[in-house]
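Quick note: the coordinates plus some simple rules give every number you see, no bench work behind them. Small disclaimer: the values here were computed from a predicted structure and weren't measured. Glycine gets a Cβ as well: all are built from the backbone with ideal geometry, and neighbour counts include every protein chain shown.
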Amino acid sequence: MAKTHTKSEAARSSRPPRSTTSIAAERPPRRAKTETPYHHGALREALLQAAERVLERDGLAGLTLRAVAREAGVSHAAPTHHFGDLTGLLSELAAVGFRQFRAAMSSACDAAATPLEQALARPKAYVGYAQAHPGMYGIMFRTERLDYSRPSLHEAAEAAFAGLANAVGMIRQEQISENALTLNQGAAIARAWAMVHGFTMLLLDGRLKDILERLPEGTTAERLLEAMLTTPVAPKLPM
C-alpha cells in the first residue's frame, strides 16, 4: 500500500502546473455594468432626452420614472432625485418642448422672404413641429398634468405666448403687449391660436382625411392650412 501511495504522489507531482491563462478562461466573465456614468448636470439633460424618446415611442401612458431611468441607463432613483415625481418630469419636459416649439417658429420666420411668407411661416412651423413631435406637443397643452409654478415651464410657456402675440401684432401692424391686451387684440390672438391649434389637433387625430380626400388631387394639409389663413370665412358678413 505504501508503495502505491508513493507512486500516486509522484504522479501528481509530475503533472505540469495549470497556467493562470487557462484558469482565467474557465472563470465566467464578469457582467458589465448597465448603468451609464454621467456628470450631475449632464444626467438631468440625459434624463430629459430619454424622457422625450420614451414619450415619442411609447406615448404618455408609457412615460414613467422607471421607464425613463431604464432608457437613460441609470438607477431608478435618478429621475426622482432630479424631478421629484412624474408631474415634475412632465413639466420640465414640456418646458423643453415649448423652447423647441418657439425656436422652430422663429427659425421659419427668419427664413421667410416676403411679408406673406412670413405671415404663413409661423403657423406652418407650428403644425410642422406638432407633426414631428406629437407626443411632446400633446403634453405641452395637457395643463392638468403640468405644474406651471415651476419657473422653467412658466418662462418657456410665456415666451411662446409672447411670440404668438408679436406675430399677431405684426399682422395687425401694431405693438401688442402680452401683459395688457385690448379686447380686439385678445380676440385676434385667440382666433389665430384657436384656428391653428384646432387644425393641428384635427390633423394629428386623422380627422381631416375626409376633407382632404374631397379636394383636388394632390392638395396637401399644408395647402389647406394656407387657404384657411388667407381666404375670408365669407365674402361679406351678414348685416
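Rounded to a whole number, what is D in µm²/s for the stretch 83-197 from Stokes-Einstein with the Kirkwood radius over alpha-carbon pairs (10 °C, 1.306 mPa s)? Provide the component values of the computation, followed by the final result.
Values: Rh = 14.8 Å.
After rounding, the answer is 107 µm²/s.
When peptides 164-171, 141-148 are sorted by average Cβ neighbour count within 10 Å, with the highest value leading, the order is 164-171, 141-148.
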